[in-house]
1. Residues of the stretch 224-256 being part of a strand (DSSP E or B) and in contact (Cβ under 8 Å) with a residue 60 or more places away in the chain, which ones?
2. Which is of a type in the set (A, V, I, L, M) and buried (at least 19 other Cβ atoms within 10 Å of the Cβ), of Met92, Met122, Met128?
3. Determine whether the stretch 200-211 contains at least one residue that is assigned to a strand (DSSP E or B) and within 30 Å of Gln235 (Cα to Cα).
4. Among the residues of the stretch 266-273, is any under 16 Å from the mean Cα position of the chain (by Cα), in a loop (DSSP other than H, G, I, E, B) and within 20 Å of Asn182 (Cα to Cα)?
5. Test Arg243 against the criterion of being touching a Gly at 6+ places or on another chain (Cβ under 6 Å) and at negative phi, and give yes or no.
6. So if I check each of Ile244, Ile255, which one is buried (at least 20 other Cβ atoms within 10 Å of the Cβ) and either under 24 Å from Asn114 (Cβ atoms) or at pLDDT 95 or above (or both)?
7. Given the structure, is Gly211 surrounded by fewer than 18 Cβ atoms within 10 Å (Cβ to Cβ), out of contact with any helix residue (DSSP H, G or I) (no Cβ under 7 Å at 6 or more places or on another chain) and not assigned by TED's automatic domain parsing to the domain that holds Gly131?
Amino acid sequence: MKLIKISLLVFFLGVMVSLGVCADITPGNNSATVNASATEMPNADLVAFVDNAVAYAKANGKDKAIKEFNDNKSTEFIKGELYIFAVDFDGMTLAHPYRSEFVGKSQMDLLDTNGVAFFKNMASVAKMGKGFVYYVFANPAHNKKPELKLTYVERVDDAWWLGSGTYLSNMSANLSQASRDNLTGFVEDAAKYAKDNGKDKALSAFNDKNGTFFKGGLYVFAYDFAGNTLAAPTQPDLVGKNRIDVKDPNGVLLIRDMAELAKGGSGFTYYVYADPAKNMMQRLKLSYAMKVDDNWWLGAGLYAQ
C-alpha cells in the first residue's frame, strides 16, 4: 500500500512538472527565451503552421490560397498570434489578414525601427527555400509596441512565398541610431582597408585583438562566400573552419544569411550570438555585412541594450 502511494505521488509530481514546462514554451506565451530548449516547441509549431499553408497553396492553387490567407476570420490560417502572409519575389504583398493596406503594394524597401530591410531579408531566405528571420514589428497584443519577432518563411514556387511569426517580447531589440551609424562606418572603413592593403594584410589586422579593428565589443569578422572563416578575433579557433550551416539558438542560419546580404553589396541582419563581454551569454545582435570582392566579405555587430 505504501509503495502504491509513493508511485502515485511520483506520477502526480511528474504531471505537474510537465504542465509547468509546457506552459513556458507554448507559442502564445511571450516569455520566450533564447535557449534552444525553451524555443524548440514554438519553433516546431511555427514551422508546421507555415508548412501546412504551403501545402494548401500547392493543393488548391494560388488564387484560392490568397483569398483564404487574406480572410481575417480564417480558422485554419489564424491561430492565436500566428497568421499567414504571402509575398511575391518582386516584393508585392499578396495576402495579409490584418494589414490590408499592405496588399497590392511592394514592401521590399520597408525598414524596421533599427533600419533593417526585413521584407528584403525574408525574400532572400525564402528564395533559398525556407528559414528563420528576425525583425522588429508592432505587437498588437502590447498596444502595437515594436518588439522582436521571429518569422519562418517558405517558398511556394519561383513566384511567391509565405511566412508567419511569433513575438519574443522579453528580448531587447533596442539599438540607437548613433550606434548603428558607428557600426556601418566601422565596417566601411574595414572594407576600404582591405581593398587598399590586400587580403593578407587585412586579415592579419582583423584577427589582431590589439589592433585598429578591435574596439571593445566592436570587431571585424570575415568569411569567404563558401562560409570558411577568415577572421574571428574573439574566437581564433574558428579560423579556417566552414560555418555556412551554423544556426543560432532559434534556427537562424546567420553566416549563410549574411553572405547572401554581402553578395548584394551590404545589409543589416539580426541573430542571437554569444557576447564575449558578458561571459559568452547569448544575446540579440545586429550585424552589418559588406562585400570586399567576389571572393570574400566582412562584417561587425552590436548587441542590443
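1. Pass one, the stretch 224-256, residues part of a strand (DSSP E or B): 224, 228-231, 242.
Matches in the stretch 224-256: Asp224, Leu230, Ala231.
2. Details: Met92 fails: buried (at least 19 other Cβ atoms within 10 Å of the Cβ); Met128 fails: buried (at least 19 other Cβ atoms within 10 Å of the Cβ).
It is Met122.
3. Initially, the stretch 200-211 is screened for residues assigned to a strand (DSSP E or B), giving none.
No, because not a single residue in the stretch 200-211 is assigned to a strand (DSSP E or B) and within 30 Å of Gln235 (Cα to Cα).
4. Going through the stretch 266-273, the residues under 16 Å from the mean Cα position of the chain (by Cα) turn out to be 267-273.
So of that shortlist, the ones also in a loop (DSSP other than H, G, I, E, B) come out as none.
No, every residue in the stretch 266-273 fails to be under 16 Å from the mean Cα position of the chain (by Cα), in a loop (DSSP other than H, G, I, E, B) and within 20 Å of Asn182 (Cα to Cα).
5. Details: touching a Gly at 6+ places or on another chain (Cβ under 6 Å): yes; at negative phi: yes.
For Arg243, the condition - touching a Gly at 6+ places or on another chain (Cβ under 6 Å) and at negative phi - is met.
6. Numbers: Ile244 fails: buried (at least 20 other Cβ atoms within 10 Å of the Cβ).
Result: Ile255 is the single residue among Ile244, Ile255 that is buried (at least 20 other Cβ atoms within 10 Å of the Cβ) and either under 24 Å from Asn114 (Cβ atoms) or at pLDDT 95 or above (or both).
7. Details: surrounded by fewer than 18 Cβ atoms within 10 Å (Cβ to Cβ): yes; out of contact with any helix residue (DSSP H, G or I) (no Cβ under 7 Å at 6 or more places or on another chain): no; not assigned by TED's automatic domain parsing to the domain that holds Gly131: yes.
In short, no.
The values are calculated or read from the model by the stated rules, or taken from the named source; none is laboratory data. Everything numeric in this text was worked out from a predicted model, so none of it was measured. In this analysis, Cβ positions are derived from the backbone assuming ideal geometry, glycine residues included, and neighbour counts consider all displayed protein chains.
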